[in-house]
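Down below is the structure, laid out as structure tokens.
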Amino acid sequence: MAPHLSRRQLLGLGGGAAAALALSGCGGGSSSSGSASSTDLSWFMWSASTAEVDAWKKVADIAGEASGSTITFQTAAWNDYWTKLTSQAASGQTADLVSVQSLRAPQFAQLFTDLGPKLSDMGVTESDFDSGILDALKVDGKLLALPYDFGPLVVFYNKTAFQEAGLPMPAIGWTQDDFLAAAKKLTTGNTYGFFAGAVPDSIIPFAMSQHGVQAVTADGKLDIDTDEWRDTLNWYRDLVVSEKVASPLPAAGSQAAATNQFLAGNAAMNIDGPWSLINAKATASFEVGIAPMPVGGSGSKTVSAGSGFGVSAKAANQDLAAKACAGLVNVDSETYLGQSGRAFPARTAQQSAWYEGNGLQDAQEVMDAMIAAAEGYRTTAKWTQVNNEWNKYAVPCFNGDTDVDSFIQQVQAQA
Amino acid sequence: MALTGAVRVTDAVETPAPARGSKKGDGRAASAFLLPGAIGFVAFTAFPIVASLVMSFFDWPVLGDPTFIGFGNFVELFTTDPVFTTALLNTAVFVLLYVPVNIVVSMGLAVWISPRIVGRRYYRVLFFVPAVTPMVGNAVVFGLLYTPRGLIDSVFQTLFGVSAPNFLGSSTWALPAVVLMSVWQGFGYNLLVFSAALDAVPPSLTEAAAIDGAGPVRQFFSVVLPLMSPSLFFATVLTLISSFQVFVQPYILTGGGPGNSTTTLVMYLYQSGFQNFRLGFASAIAWVLFVIIMGLTAIQFLGQKKWVHYDQ
């Protein structure tokens, strides 16, 4: 009898231990993201490399020291970040400090605490920051996040290709006729003058320069069903279809296509933001320059976008989180981010660190001009949806398979 | 050939249950051992399934409060929603192209490497490699192959002097291109299943058929294939289920475009839930997909009586 009993006991013990192990395993995952002590905060931010993670951890240390807190850094790749943030939001378990891109601010507005009334307690002066990006991070008067970087969309061009073609370098005041003439001359064989991206970012600066319109009106409504937009879209489509200065679009969904084609030397011009400049210069086998948007009917205009850090409405210690949030974009953090080339600082006084720390003084004239000519990039709460549909329907439209009207109809249906 | 679960279940029923009493005490140990698995099942399978069913009857945004709307999501799917019908149709076309091509290719290659040809083990490994490499990586590489001025286009220009179609940028070519990539990725698994089944066919039967005057083709279709039918059934069921759930290939290759020409049900589910923030609507899509897969699998199980032979 005794051996029988002990066998059963053994079995029971074994099973119980396994169950306990499984349970503790389940618990471990969720408790690690929570805040244990009163000065512990968590911060969720996207990143693309270990070097970037190290840089953000350094910023977390600066902010922790400034606010008397310990900040745990959590990260995900850009695309995963938004999926993860969405599922965290759905389950009500976000980090205390959450990063957000200005284009997605309306979509995630409910997630954030309004920092506006807290600014003086946080020791933040609004006028220290670029007003355009600060406005872009406000939704219905609520300041969702403090910006750390921003930038206007500009023309990236292949200096080497321009030189070889004997073309003058695009400078302030160059026109859309100059742009088209250069693009024609630069298109030979398998190399094109321009990459006509299928994303709104590639087209909105042209709509701004031609007609002074964005895809979203000043009162926050998606409106591309206008004569102005029809004109710009037809002009843009013609770059591929009739002028043939841009390659047919390879696929929807390849957001990086434009950058890759430009960097590979397959397209001599491309629309991009300063956040890509340092990487482009380091990666490309040719010299990269930036030019202002070519002057159209409304001048040389563009839009600017950026990102910032906000406090989750679910954060337990709102005041401490707000102080830490201010620390993430304080003078030290912004100087460090600018100098190391991680971000074009949203703090205007620290922008010189970006130029000087990265040998980009030659870009300053164009940057200053375009920052002055930029409006904040306006989006709607359904912008991801709009962006997706835009991307999917722009491909057949710009490839000449469908017309501009059907494109407008499909995108406008997402309003 | 292995016996199926169905046969064994019948056996188990016929076996008299062990006498109760003497082994009563094992119940506690058994439950203790079952507990970890049961916890996992409840937490990660049963709960999400029930939760998604509940959610499908709500307008459930990611941020904000859910509202009960009854069958509202389902009604919207089948009446006013412009994308769902397209996604359903795209998925159906994908399945109809992918499943037969996958089965024919994997069966063909399995038969080809089945005779004692030199290095057939290496062929098996070679053909299995795509199935074990990450699909995302494969999709990215195929994206580069398909792109204008990519490898396929260059070969076309060299051989024929004309450009290849803009595979992923054309509404006509995008879905076949996605199917082709999927077949390349997926045939290795079925090939392994078929290869093992072919090895299990007793040579004495084919030899007997040969003596009776049956040629290789007749031998294959009248002797080998019926003997392989359980494997064929298994492969068809699993391939069909997985092909209805196709997501990664269009997600990476085309983003569901151009237009909605490669938007599949799961792709649309993902977009609805995680990009458009409509979790209830996405759950409704999941349940429609579940019912479709369940129905088709049930039909396959009913149909197997006609063509699947479990006797040796």
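Beta carbons closer than 6 Å, at least 6 apart along the sequence or on distinct chains, pair a first residue in segment A:291-302 that is farther than 18 Å from A:ASN270 by Cβ with a second that is assigned to a strand (DSSP E or B) and of a type outside the set (Gly, Ala, Ser) for A:VAL295/A:THR175. Candidates in segment B:140-162 are the residues that are more than 9 Å from chain A (Cβ to nearest Cβ) and touching a residue at least 12 places away in the same chain (Cβ under 8 Å); of these, the one that is farthest from B:ALA87 (Cα to Cα) is B:ILE152. When you scan segment B:230-252, do you find a residue that is under 16 Å from B:LEU97 (Cα atoms), in contact with a Phe, Trp or Tyr (Cβ under 6 Å, 6 or more places away or on another chain) and not charged (D, E, K, R), even just one? Yes. Contact map, segment A:99-123: residues that are within 14 Å of chain B (Cβ to nearest Cβ) and touching a residue at least 40 places away in the same chain (Cβ under 8 Å) paired with residues that are buried (at least 18 other Cβ atoms within 10 Å of the Cβ) and among the acidic types (Asp, Glu), Cβ distance under 9 Å, separation 6+ or inter-chain. Pairs shown: A:LEU103/A:ASP201. Number of residues in segment A:183-195 that are closer than 18 Å to A:ALA257 by Cα and at pLDDT below 90 equals 2.
Here is a yes/no grid of residues against (1) without any contact (Cβ under 8 Å) to a residue 40 or more places away in the chain; (2) more than 14 Å from chain B (Cβ to nearest Cβ); (3) in a helix (DSSP H, G or I):
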{"site": "A:GLY173", "(1), (2), (3)": "no, yes, no"}
{"site": "A:PHE179", "(1), (2), (3)": "no, yes, yes"}
{"site": "A:ALA198", "(1), (2), (3)": "no, no, no"}
{"site": "A:LEU233", "(1), (2), (3)": "no, yes, yes"}
{"site": "A:LEU239", "(1), (2), (3)": "no, yes, yes"}
{"site": "A:PRO250", "(1), (2), (3)": "yes, no, no"}
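When residues in segment A:331-341 are screened for being crowded, with 24+ Cβ neighbours inside 10 Å and touching a helix residue (DSSP H, G or I) at 6+ places or on another chain (Cβ under 6 Å), 3 of them pass.
When the residues of segment B:242-258 are filtered to those that are surrounded by fewer than 19 Cβ atoms within 10 Å (Cβ to Cβ) and away from chain A (no Cβ under 14 Å), the one that is nearest to the chain's Cα centre (by Cα) is B:SER242. Screening the candidates A:ALA349, A:ALA315, A:ALA324 for the property of being surrounded by fewer than 21 Cβ atoms within 10 Å (Cβ to Cβ), touching a helix residue (DSSP H, G or I) at 6+ places or on another chain (Cβ under 8 Å) and either at pLDDT 95 or above or over 19 Å from A:SER202 (Cα atoms) (or both) yields one hit, A:ALA349.
From the list A:ASP219, A:ASP225, the one residue that fits, being among the acidic types (Asp, Glu), in contact (Cβ under 8 Å) with a residue 40 or more places away in the chain and either crowded, with 17+ Cβ neighbours inside 10 Å or within 22 Å of A:THR380 (Cα to Cα) (or both), is A:ASP225. For B:PHE167, the requirement of being touching a helix residue (DSSP H, G or I) at 6+ places or on another chain (Cβ under 6 Å), crowded, with 20+ Cβ neighbours inside 10 Å and within 14 Å of chain A (Cβ to nearest Cβ) is met. Among the numbered conditions (1) closer than 26 Å to A:ALA51 by Cα; (2) of a type outside the set (Lys, Arg); (3) away from chain B (no Cβ under 14 Å); (4) touching a Lys or Arg at 6+ places or on another chain (Cβ under 8 Å), the only one that A:ALA76 does not meet is (3). Out of curiosity, is B:THR239 within 19 Å of the chain's Cα centre (by Cα), closer than 30 Å to B:VAL50 by Cβ and touching a residue at least 60 places away in the same chain (Cβ under 8 Å)? Answer is yes for this residue. Considered as a group, the residues in segment A:73-85 that are surrounded by fewer than 21 Cβ atoms within 10 Å (Cβ to Cβ) and in contact with a helix residue (DSSP H, G or I) (Cβ under 8 Å, 6 or more places away or on another chain) include one that is farthest from A:CYS325 (Cα to Cα), and that residue is A:THR83.
Out of the residues in segment B:121-139 meeting the condition of being of a type in the set (A, V, I, L, M) and surrounded by 14 or more Cβ atoms within 10 Å (Cβ to Cβ), tell me which one is nearest to B:LEU168 (Cα to Cα). Checking each candidate, the answer is B:ALA139. Against the test of being at positive phi and either away from every other protein chain (no Cβ under 14 Å) or under 18 Å from the mean Cα position of the chain (by Cα) (or both), the options B:GLY213, B:GLY186, B:GLY137 yield a single qualifying residue, B:GLY213. Taking the listed residues B:VAL155, B:VAL237, B:VAL201, B:VAL162, the one that is surrounded by fewer than 18 Cβ atoms within 10 Å (Cβ to Cβ) and either in contact with a strand residue (DSSP E or B) (Cβ under 8 Å, 6 or more places away or on another chain) or part of a loop (DSSP other than H, G, I, E, B) (or both) is B:VAL162, with no other qualifying. For segment A:270-285, check the following and say yes or no: at least one residue is of a type in the set (D, E, K, R) and assigned to a helix (DSSP H, G or I). Yes; the residues of segment A:270-285 include at least one that is of a type in the set (D, E, K, R) and assigned to a helix (DSSP H, G or I).
The values are calculated or read from the model by the stated rules, or taken from the named source; none is laboratory data. These figures come from a predicted structure and were not determined experimentally. Cβ atoms come from the backbone with ideal geometry, glycine included; neighbour counts cover every protein chain shown.
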